[in-house]
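All remarks here apply to the structure that follows.
The values are calculated or read from the model by the stated rules, or taken from the named source; none is laboratory data. Just so it is clear, the structure is predicted and the values come from calculations on it, not from any experiment. Cβ placement follows ideal geometry from the backbone for every residue including glycine, while neighbour counts extend to all protein chains displayed.
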Amino acid sequence: MKSYKPITDSRRHMLGIDYRKALTSSEPEKSLTSGFRRGRGRNNRGRITTRHKGGGHKRLFREVDFLYDKYDIPFTVKTIEYDPNRSGFIGLVVYRDGEKRYVLLHNNARVGETYMVSEKAPVTPGNRLPLSHIAVGTFVYNIELKHRGGAKIARSGGNYAEVLAKDVGYVNLKMPSSEVRKVPANAWATIGEVSNNENRLVNIGKAGRSRWLGIRPTVRGTAMNPVDHPHGGGEGRQGRGRRRAISYYGKPTGKGQKSRRAKKYSNKFIINRRKVGKR
């Protein structure tokens with residue numbers, strides 16, 4: 001982690017990641033980048049549909065491969081790079097047939113190392129295999145929810161899921177949220193944990209840095225008027241006046257309340273619900 005000289009009050013507690021020690025390249029591969037329309041929390045009429053989003057620094061999109069559709073062809077890591085659109089580090093890899101792609105790297109990846117996507121690949125960090133070929137107790141990331149559906153689970157910096165057990169046609173995974181879930185055994189996953197596990201230690205330090213990230217301010221419901229929020233109104237500081245905390249839209253929120261739909265399609269795959277509330 002990198003600390004800063006406290007020239008201001010906000011700077012004193014600010015913490016960042018020392019990218020110079022982790023990255024090997026500052027310029028992305030031009031053929032794998034493009035411009036894109038960032039999510040600004042507005043619809044096609046400019047109305048706010050997601051609060052607390054907007055602004056932020058302009059970003060270049062990196063085309064990261066989450067499908068991994070080149071099987072049994074080794075690839076070598078050429079660079080370790082920063083991606084402004086995710087918290088983990090990405091790497092430019094070159095396959096043996098010459099094709100270049102960006103992939104999400106594991107925590108101990110180094111330039112020059114070679115990995116492979118194969119059912120016969122050894123179970124070592126960076127290799128990608130079907131879950132049925134991975135031993136119980138192994139940490140995995142970039143996990144598919146269905147066969148050849150592309151990586152969907154455990155993609156943030158430092159995240160991983162743990163293989164807990166194998167059942168008929170399914171593998172039980174302990175998710176980063178602590179939920180235990182069944183995933184088809186023929187779904188693929190990458191061995192290891194996502195790079196940049198220090199990301200969770202970052203202290204933003206000041207309000208302006210949140211704005212650079214595209215995060216707009218959050219106002220407490222109790223500080224609003226009754227017309228603006230269910231918790232608003234009252235003379236001076238008042239309690240919310242109801243048993244359960246609810247959001248701006250009247251839905252349960254915070255304090256360990258369940259917000260999942262009772263009839264969601266994936267309920268049958270969940271063995272243990274995630275732990276909610278204060279940790």
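Here are the numbers for this structure:
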read-out	value
Test for Lys2: is it under 27 Å from Asn107 (Cβ atoms), touching an Asp or Glu at 6+ places or on another chain (Cβ under 6 Å) and not aromatic (Phe, Trp, Tyr)	yes
Gly56, sole failed condition from (1) under 28 Å from Gly149 (Cβ atoms); (2) crowded, with 16+ Cβ neighbours inside 10 Å; (3) of a type outside the set (A, V, I, L, M)	(1)
Within the stretch 179-225, considering residues that are among the polar types (S, T, N, Q) and in contact with a strand residue (DSSP E or B) (Cβ under 8 Å, 6 or more places away or on another chain), the one nearest to His106 (Cα to Cα)	Ser195
Cross-chain or 6+ apart pairs with Cβ under 8 Å, the stretch 4-33 first and touching a residue at least 60 places away in the same chain (Cβ under 8 Å), then in a helix (DSSP H, G or I) and surrounded by 14 or more Cβ atoms within 10 Å (Cβ to Cβ)	Met14/Arg209; Ile17/Glu198; Ile17/Asn199
Tally of residues being over 21 Å from the mean Cα position of the chain (by Cα) and under 25 Å from Arg101 (Cα atoms) across the stretch 1-27	6
Residue match in the stretch 271-278 (condition: surrounded by 11 or more Cβ atoms within 10 Å (Cβ to Cβ), touching a strand residue (DSSP E or B) at 6+ places or on another chain (Cβ under 6 Å) and farther than 22 Å from His52 by Cα)	yes
Among the residues listed as Arg148, Arg110, the single one being exposed (fewer than 15 other Cβ atoms within 10 Å of the Cβ) and free of Cβ contacts under 8 Å to residues at least 60 places away in the same chain	Arg110
Sole exception among (1) β-branched (Val, Ile, Thr); (2) closer than 27 Å to Ala154 by Cβ; (3) not in a loop (DSSP other than H, G, I, E, B) for Thr222, by number	(2)
Output for the stretch 217-254, where each listed residue is more than 16 Å from Arg51 (Cα to Cα) and under 23 Å from the mean Cα position of the chain (by Cα)	Gly254
Of all residues making up the stretch 6-29, the number that are in contact with a helix residue (DSSP H, G or I) (Cβ under 7 Å, 6 or more places away or on another chain) and part of a loop (DSSP other than H, G, I, E, B)	2
Qualifying residue in the stretch 121-142 (condition: out of contact with any Phe, Trp or Tyr (no Cβ under 8 Å at 6 or more places or on another chain) and charged (D, E, K, R))	no
Qualifying residue in the stretch 198-218 (condition: β-branched (Val, Ile, Thr), in contact (Cβ under 8 Å) with a residue 40 or more places away in the chain, surrounded by fewer than 16 Cβ atoms within 10 Å (Cβ to Cβ) and not in a strand (DSSP E or B))	yes
Candidates Ser156, Ser132, filtered to the one that is assigned to a helix (DSSP H, G or I), at pLDDT 95 or above and surrounded by fewer than 20 Cβ atoms within 10 Å (Cβ to Cβ)	Ser132
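Residues are listed down the side, and each one gets a yes or a no for (1) under 24 Å from Gly158 (Cα atoms); (2) of a type in the set (Ser, Thr, Tyr); (3) in contact with a Phe, Trp or Tyr (Cβ under 8 Å, 6 or more places away or on another chain):
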{"position": "Ile204", "(1), (2), (3)": "yes, no, no"}
{"position": "Gly208", "(1), (2), (3)": "no, no, no"}
{"position": "Trp212", "(1), (2), (3)": "yes, no, no"}
{"position": "Val227", "(1), (2), (3)": "no, no, no"}
{"position": "Gly234", "(1), (2), (3)": "no, no, no"}
{"position": "Arg237", "(1), (2), (3)": "no, no, no"}
{"position": "Tyr249", "(1), (2), (3)": "no, yes, no"}
{"position": "Tyr265", "(1), (2), (3)": "no, yes, no"}
{"position": "Val276", "(1), (2), (3)": "yes, no, no"}
